[in-house]
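A.B. asks: I have a structure here, written as structure tokens, and I will follow up with some questions on it.
Where a number appears in this text, it was derived from the coordinates with a stated rule and is not lab data. Because the structure is a prediction, the values reported are computed rather than measured. As a convention, Cβ positions derive from the backbone with ideal geometry for all residues, glycine included, and neighbour counts pool all protein chains shown.
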Amino acid sequence: MSAPAALSVPAAQSQRRPGGANSTLRMLLRKPTFLAGGVILLFWVVCAAFGSLIAPHDPTAQQLLATNAPPSAAHWFGTDQLGRDVLSRVIVGSRSILLISVASAVLGTVLGTALGLTMGYLGGLVDLLAGRVVEAVLALPVVIVAFLFIVAVGPSTGTLILVIGFVFTPLIARTVRSSVLVERQLDYLASARLLGAGRVSIMATEVLPNVLPAVMVEFTVRVGYAIFTVATLSFLGFGVQPPTPDWGGDIYANYGVLAAGYWWETLFPALAIASLVVAINLVADSAEQVLAS
Amino acid sequence: MLTYILRRLGLAVLTLWLLSVIVFVAGQILPGDPGRAILGPLAAESAVRALDHQLGVDRPLIVQYWTWITGLLHGNMGTSYSYRAPVAPFIGSALVNSLKLAALAFVIVVPLGIGGGVIAALYAGKPADRIISVAGLSAATVPEFVSGIVLIVVFAVELKWLPNQASAGAGAPFGSQLRHLILPAIPLVLVLFGYIARMARAGTIEALNSDYARTATLKGLPRSVVIRRHILRNSLLPTITVIATQTGYLVGGLVVVEHLFTYQGIGNLIWTAANGKDFPMLEAGVLTLGAVYMVATLIADVLYTVLNPRLRLGGEQ
């Protein structure tokens, strides 16, 4: 532990904890961007949880006499090529994308945090070797890597979660590692070491709580990217498989008739995706600002 | 300087090799065997085995990898299962098409992103900054096919201003090709705008807070001159790196955009190969994209060093 680092400790620590979790939440609720994003997000979460109760029609029921019907009083968003109600499919379709995105972001965050903690805290050879692999994976476009592996093992909900989670792991590990490197210089870790605490225990009980705000911000940002990735893979036909209602999958199934003027079958799921990612971004952006202040 | 470039080149080759291993492994764990995929479910087992043998996919993995990688190094990318023809010409013409689309997207987004970022920085914390930052971030996370569909609905289906297909046909004049590529380029522009603007904003803010900017202001230079001569020159350096790293992103986005606008680029080629389990085409396509990305980041790093006098002179000492 070098002298200049030790001198900076009190300032760094007093800055870090202006108040508890309650005051953070209160500051968030005062931000209009957070509220707007939160309301849209809540709407889709309710749709995901109770979609089949809210939907006016059965999302998989086909009406072959009313295919490609434009928006009307009976079908607000029209019907698709198989005569299914687009509004119902949009409402129920929120489930698959939210489930997969959140699950893969959780998986990536947990693995990435563990990897980042280990790399940052242990340093040395572990850091060097893992760092090379992380850099190599980061050098590849995320969608291409995910695409390659999903083509390889076949699309299913489980595969999507695993592949996206694994692809995100190095990205999160890099963020966590750099936060850990800052913490490692601080006095409280030296004290913990002098008290005889083991490496794993220090990482879990001392370092982790202090890098948690950074991890939370990274998590919300990752959920946004996960939605992007899931929707993209579904649009390419390698995501959630029909007849399960899914925004990206429904666009994939119906964009062929877009040029014929049947725009409602693709536009409404597309707008649903856009509203969800914008909502996530508003939430992530305000969380980042509040935690940085 | 030279040693830096050589080391950077070595790292790029290493990453490319790692990519080749990843691509090969992913191609090998694909379920179902290629012979069966080509001949269909009704073909006799003996015919499938004979074709597998002819394709060489019944040999040990390490032998297959060696044959594939040495072939690549000699410029032989293999034979497509679907077309029964060498892969290389397909990749070549598709890559040219993709580069046209990517070039158009860059020509639009680079001035737009830098301009947006600089404006956001000059009005930091004010509504203009918040709008540019939040809009840029949101646009960056809206998948390309979502904005693409909105564009197709509005400009191709309803207004009929622009075609909804990107291909102008073989030998079409430049103007017609350009017209066909405008709609496909916009989703890519939207995704890239946020990143470039954010980097330009951060660089400009850093330059604005610097001592030399304060000196320039205090010695009485007009604000416009300070911004043009002292701030922009320094703030744009990191932006160059971001622009080049975003090529990787662009490359991923191409698969989606080319698929949506039925454009014969490398992204669409990969998609078709993946659907048809055409491994040689898929592997060669992904590896080509990886190589393009490596070259772009390499150029960015070298350019960054060349443009930054501190690094340039530091390296020569």
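A.B. asks: What list do you get for B:90, B:261 if you sort them by fewest beta carbons within 10 Å?
C.D. replies: With the sparsest Cβ surroundings first, the list reads B:90, B:261.
A.B. asks: Decide, for the range A:27-268, between rounded, prolate and oblate: order the square roots of the alpha carbon gyration tensor eigenvalues as a ≥ b ≥ c, take rounded if a/c falls under 1.5, and otherwise choose prolate if a/b is larger than b/c, else oblate.
C.D. replies: In terms of gyration-tensor shape, prolate.
A.B. asks: Something else about it: Toward the positive end of the charge dipole of chain B, about the Cα centre and with charges on Cβ (Lys, Arg +1; Asp, Glu -1), which of B:220, B:304, B:16 goes farthest?
C.D. replies: The Cα lying farthest towards the positive end belongs to B:220.
A.B. asks: By its C-alpha gyration tensor, with a ≥ b ≥ c as the square roots of the eigenvalues, how is the range A:35-139 shaped: rounded for a/c under 1.5, else prolate for a/b larger than b/c, else oblate?
C.D. replies: Prolate is the answer for the range A:35-139, as a/c is 1.5 or above and a/b outweighs b/c.
A.B. asks: Check every DSSP H run in chain A and write down those whose alpha carbon atoms cover 15 angstrom or more along the long axis and whose mean Kyte-Doolittle hydropathy is 1.6 or greater.
C.D. replies: A:32-54, A:142-153
A.B. asks: Quote the charge dipole size of chain B about the Cα centre in Debye, to the nearest 20; the model charges only the Cβ of Lys and Arg (+1) and of Asp and Glu (-1).
C.D. replies: 1280 debye
A.B. asks: How shielded is A:272-284 by partner chains, expressed as the average number of their Cβ atoms within 10 Å of its Cβ atoms?
C.D. replies: Partner Cβ neighbours, averaged per residue: 4.
A.B. asks: Work out the charge dipole of chain B with +1 on the Cβ of Lys and Arg and -1 on the Cβ of Asp and Glu about the Cα centre, then indicate which of B:122, B:257, B:137 is farthest towards its positive end.
C.D. replies: B:122
A.B. asks: Turning to a different aspect of this structure: Net charge within 12 Å of residue B:149 by Cβ-Cβ distance, Lys/Arg positive one each and Asp/Glu negative one each, not counting residue B:149 itself?
C.D. replies: Taking every other residue near residue B:149 into account, the sum is -3.
A.B. asks: If you don't mind, there's one more thing I want to ask. Students often check this: by mean Cβ neighbours within 10 Å, which of A:74-84, B:125-135 ranks highest, and how do the rest follow?
C.D. replies: With the highest mean Cβ count within 10 Å placed first, the list reads A:74-84, B:125-135.
A.B. asks: Given H placed on each backbone N at 1.01 Å, which residues far from residue A:83 in sequence or on other chains put an amide H within less than 5 Å of it?
C.D. replies: A:63, A:68
A.B. asks: Over the alpha-carbon set of the range B:31-111, work out the extent along each principal axis and list the three values in angstrom, largest first.
C.D. replies: Each principal axis gives a Cα extent; for the range B:31-111 these are 60, 31, 22 Å.
A.B. asks: Right, another one. About its Cα centre, what dipole magnitude does the range A:27-268 give when the only charges are +1 on Lys and Arg Cβ and -1 on Asp and Glu Cβ, stated in debye to the nearest 20?
C.D. replies: Its charge dipole is roughly 500 debye.
A.B. asks: Quick one: check the C-alpha center-to-center distance for the range B:172-189 versus the range B:247-286, whole angstrom.
C.D. replies: The two parts, judged by their Cα centres, are 18 Å apart.
A.B. asks: Tell me the mean residue ellipticity at 222 nm calculated for chain B from its helices only (DSSP H runs of n ≥ 4, each -39500 (n - 2.57), averaged over every residue, nearest 500).
C.D. replies: -25000 deg cm²/dmol
A.B. asks: Also, I was wondering about something else. By its C-alpha gyration tensor, with a ≥ b ≥ c as the square roots of the eigenvalues, how is the protein assembly as shown shaped: rounded for a/c under 1.5, else prolate for a/b larger than b/c, else oblate?
C.D. replies: Note, shape of the protein assembly as shown comes out rounded.
A.B. asks: Turning to a different aspect of this structure: Please list the helices of chain B that count as membrane-span-like by this rule: a mean Kyte-Doolittle hydropathy of at least -1.0 together with Cα atoms stretching 20 Å or more along the helix axis, each helix being a complete DSSP H run.
C.D. replies: The qualifying helices are B:2-28, B:88-122, B:127-141, B:174-208, B:233-260, B:279-307.
A.B. asks: Then there's this: How big is the dipole moment of the protein assembly as shown about its Cα centre under a simple scheme where the beta carbon of each Lys and Arg is +1, that of each Asp and Glu is -1, and everything else is neutral? Debye, nearest 20, please.
C.D. replies: The dipole of the protein assembly as shown has a size of about 1800 debye.
A.B. asks: For chain B, take N as its residue count and report Rg(C-alpha) divided by 2.2 N^0.38 Å.
C.D. replies: Dividing the Cα Rg of chain B by 2.2 N^0.38 Å gives 1.22.
A.B. asks: Can you list the lysines whose alpha carbon sits under 24 Å from that of residue B:100, skipping same-chain ones fewer than 8 residues off?
C.D. replies: Cross-link targets: B:160.
A.B. asks: Which lysines have a Cα less than 20 Å from the Cα of residue A:31, not counting those fewer than 8 places away in the same chain?
C.D. replies: Leaving aside lysines fewer than 8 places away in the same chain, those within reach of residue A:31 are B:126.
A.B. asks: With point charges of +1 on the Cβ of Lys and Arg and -1 on the Cβ of Asp and Glu, referenced to the Cα centre of the range A:27-268, which listed residue (A:33, A:133, A:90) lies farthest in the positive direction of the dipole?
C.D. replies: Looking along the dipole axis, the top candidate is A:133.
A.B. asks: Where does the range A:179-289 land on Rg/Rh, using Cα atoms and the Kirkwood Rh?
C.D. replies: Reported Rg/Rh (Cα atoms, Kirkwood Rh): 1.28.
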